[in-house]
1. Dividing the alpha-carbon radius of gyration of the stretch B:669-720 by 2.2 N^0.38 Å (N being the number of residues), what value is obtained?
2. Could you work out the relative contact order of the stretch B:173-260? I mean the mean sequence separation of Cα pairs under 8 Å and 6+ apart, divided by the number of residues, in percent.
3. For the pair B:K682 and A:W10, how long in nm is the line joining their label points, each one 7 Å along Cα→Cβ?
4. Taking the Cβ-Cβ separation of B:A56 and B:S485 as r and a Förster radius of 35 Å, what is the calculated FRET efficiency to the nearest 0.05?
5. Nearest 10 degrees, 0 to 90: what angle lies between the long axis of helix B:60-75 and the longest principal axis of chain B (Cα atoms)?
6. For the pairs A:K148/B:K682; A:K151/B:K682; A:K148/B:K684; B:K214/B:K321; B:K174/B:K349, flag any whose C-alpha to C-alpha distance is greater than 18 Å.
7. Distance in nm between label sites at B:Y595 and B:D253, each 7 Å beyond Cα in the beta-carbon direction?
8. Just going by the charge dipole of the protein assembly as shown, with Lys and Arg at +1 and Asp and Glu at -1 on Cβ, which of B:M812, B:L500, A:A77 is farthest out on the positive end?
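The values are calculated or read from the model by the stated rules, or taken from the named source; none is laboratory data. Please read all numbers here as calculations on a predicted model, not as lab measurements. Cβ placement follows ideal geometry from the backbone for every residue including glycine, while neighbour counts extend to all protein chains displayed. With ligands, DNA and RNA removed, areas are computed over all heavy atoms of the protein, side chains included. Shrake-Rupley method; radii C 1.70, N 1.55, O 1.52, S 1.80 Å.
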Amino acid sequence: MTESRFMRDWYVPVEILTLRSWLVVSFIVHLLLLTVEVLRDDSVSLLLGFIVCILFATLRASLPKIHDQGKRNISLALSALIIGIGIFRLVSSSLSVFDIWMHAWTIIPSSISLWWLSSRAVTVWTSNKLSTSAIEFGLLRNFETIKKHEKFSTHLILIHFVFITVIPLIWISISPFHQEMPWVVKLGIHFQLNISLRY
Amino acid sequence: MGDECQQARIRKGIFALLLSILFLLPGCLDGDDSGTDGGSQSLSGEITLDIWHTFAAESKEEEVFTNAVKEFEQNNPNVSVEITMVPFGNADQLFMTAAQGGQAPDLMRLSSDQLGAIGEIRVDSLPLLEDLRPHLTPQDRANFEERALEAMRYGEALYGVPASQDCLSLIFNKAIFDSQGIDYPNEDWTHDDLLIAAQQLTYQDVQGLALPVKSAYWWFPIQEGFGGSLFNESGTPTLDSNGSGDAMEWMLDLELDHGVVATGTQIEGMKNQFISSKAAMIIDGPWNWATYESSRLSIGQTILPIVDDTGERMSPLVTYKGWSVSKQSEHKIAAADLAMWLSSATVQKDFALETYTMPTHSQLEDDEDILGDDVIRGFLDQTKLGTPAPTTRAMALVYDPLSTAFEQAYSGISTTENALVLANQELVSQMNDLQQAAPLEPNTGYRTISLEFQLNQSASNYSIYVDGLLHTQFIVSDELGMMNSGYDSCLSNGEETNQLGQIRVLSSTNTNLNCTLTGMIPNVEHNLDVYADGELFYSTTGSTSVSDQRPSAGNTSPVMFALGAIVLSLIALLSYGRWRDQRLNRTNSRLAHAYIAPALLALAVLTFYPVIYGFWLSFTDADQTHLGEQSFIGLSNFWDVITASGFIRVTLFTLVWTVVNVSAHIGIGLFLALLLQRTSIKGKTAYRTLLLLPWAVPSYISVLVWRGMFQPDGFVNDLLGTNIDFLSDPTGAQIVVILVNIWLGVPFMMMSISGALQALPKDMYEAAELDGVIGWDAFRHLTLPNLRSALVPLTLLGFIWTFNMFNVIYLMTDGGPNLYFGEPGQTDILITYVYDVAFREGAYGVAAAWSVIIFLMLLAFSWTYMKQTNATEGSS
């Protein structure tokens, strides 16, 4: 009995484990993105961005523990609220590539939260008493899944750093057009020109 | 056995003595090869001339120039010309540096305002440029517009032959005016008309006007229009004269209040705006006309408008560009001939018609082809309404205080009036602090011959012919003429004769004439004929054997002595080390000390000697006005540094810059290295390669690209959807330079830490994992302590490198924005400020004192850091 209780206390679904770290990252990214709103001098967006920051912090703090159905429901509600604000901000933005990327940092983590918090593993973990075999299965699942999550997050971070690294090279290759048109169009034209020159 | 040892010692002693004599001998030799070279002065014999020009690479100007040079070479088969392009912006600085190092070109293209910066500088007590007065005959001088020729004079000396002139004018895009149904600008426009039209033409992404609102050069015409002036008649600065503040306010308001000028528009940016039809009007010079035309724009030009309040027309500063001969040139006659050819009517006409360069040749004033071109005529009209830039040191100094005044007014920390009052005070203070070079002794007789004859009382005019060519003309007239302009001398009855243009005026009472004829070739017999009323009146021959003055190539004796002393010290040190090591039985190798001798020698000569020389300079009054003649002044320079306003601020920012950068380099580098250390990640090689790219691209290119990206119309604003001039805001600029340096520095740390991480034993982690030590705990208790031996030296190295990182700040912001007069800029760190002190202010002694202080700071930090961390000690 003691061993099974110990196992139950020890087991936490991988979704919750991952959310604990990912939501912290989302919170930090949103804090950094507040500087963009300051630069844009848009007080409404700044206020919404600040609210999203608080909501992410609250969501992180209210992630459910074992047999804590109430916190799970709160987390689900918070996730839905963040998604709503994220979509509202996205729709009311100029829909530039940067805006889409920026609001993706609101919508995607909150959507993942909603998805994972409503998953069977988390639902069972917060509502029912798990059997030892179920915990064993869960631990095995954790062991396999957490590696995938780690891989994904590592790639995500590295891709961001690589993008920041290659920005000047992208820009220098498209700069002749930088007076005329948005940068995505310039990029397209640049490669189009390259292709037409080559073929 | 004892005898053999003694003999060996004697042999070594003799060898050491011979070696030391060998090193000291060159120092004893007289290194004076100061040039009094007459032989190479003539045009005969093979001559190679070095010429530096400032035309844009692969431009039409460069093509016309190159063709002109080729034509000169064809006409002078014994002369070959080697052409080098230097950027116009710092051409004067490059020339000064080259001249001080004895590497100046024979001929250099300089503008009249640049001559003011060069005029006071001396090498070996001689100026950097040749006074061309003895080289040019009165007929040569008569070929140029008088004010153009005067603009090339610094003091009395003539330092260049004028080849072109230019100034700002109003250029407009006809298509944009047509699309908005607005009449084209014309010469009756007032500044209000300009503003109203600019407001009407500001729509969507089009701005009414393109103008760098913080640039002093663009402010000069507006200041004149509002009734102000840069200097009064005596040459005293009057930057705060009546109307100057209003002019600055009006100019800044074009961007800040009316929004007709795009935020943060700079010189390059305004050109791009106009080319891409994003600006309806631009205030620009003729030098960009060809570029605008080649962009298929339908453009027009008119003169700058009148200011309503004063009724005065905006009067742009007219600068003249010409060809100057270096004082160091061995072939001054050939160089002067080339300068005259490049400024000739033929070449100036080619330039005018092909590149819209405004001529200065008097023969072209009535040229049909020139006057037939509307554009050239329009710009020539504008130059006639312009104000010639004074060729003075004050003019060369005016830009820095004004730049600070503009930054203050733009950022709102001062009113325009106050900013200009402070700028004026700063300029006056700088002028008072200037070291004046000693007056020059004239090289009497060089390229001149004295001709004396009695006058015929009945003649009404005289002409002097040299070798059959008209040289000087005289008229007898009761008109007084103008005072002699100091190009040459003609005394009559012991008094200098007056001039009407380049013609000398004689009084009917004059009885004799004593003229110094210029333009003679040394050691050549010249036929001198004097005609009175067209009849040969007097004939003689004359020659001069006075040779050219050239600065000496520099006395190398002290340097050779110093190097000899270093070598001797090394020999003594190594001999002592060997003796001591053998005595203490530390080594059995007889040649161990000889093996390290070459490396020590290289270090001593290439590192220790320059450092010690820098230390020595910091105790002297070394200055660019008397380079090589510095004297010991004790700790005065150090006192200047410590009491300099802004010293604390720049030191604090240097510390912030260094700590933030090094922390970010180490932190991000470590983070990325840990991520890439994970075995399960695919594409690690690709990630590593891409993350190393900042290292693959030369740093100056990366930095310039980043600078472009942070412009108001650059990528960052484009991406964020903002319109912010990051580099004009003090805090913004500081953050930006730090971010760019972080971007540059992370790859090195990432790779270095990756290498150290791979050396950590894996079984240590496996054992720890069994004990439940994973994740953050493993990092904190295993990785970090084991990386310490790599991180400590890396941090120390990073600290020293970043502390002395020059290129990022120099290329991104050049230390700016400069908000305070006579102080470092907001993004200046110690090392960039030292550069300003040394190469902009020319105060080498003070700059050396700054360098010594930087060295002491780094020494103190390194010593403390190593002591605290035991970085260089092996683990015990």
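1. Rounded to two decimals, the normalised Rg is 1.53.
2. It rounds to 24 percent for the stretch B:173-260.
3. 3.3 nm
4. E(calc), rounded to 0.05, equals 0.50.
5. On a 0 to 90 degree scale, this one is about 70.
6. Correct reply: B:K214/B:K321; B:K174/B:K349.
7. 8.0 nm
8. About the Cα centre, the residue reaching furthest to the positive side is A:A77.
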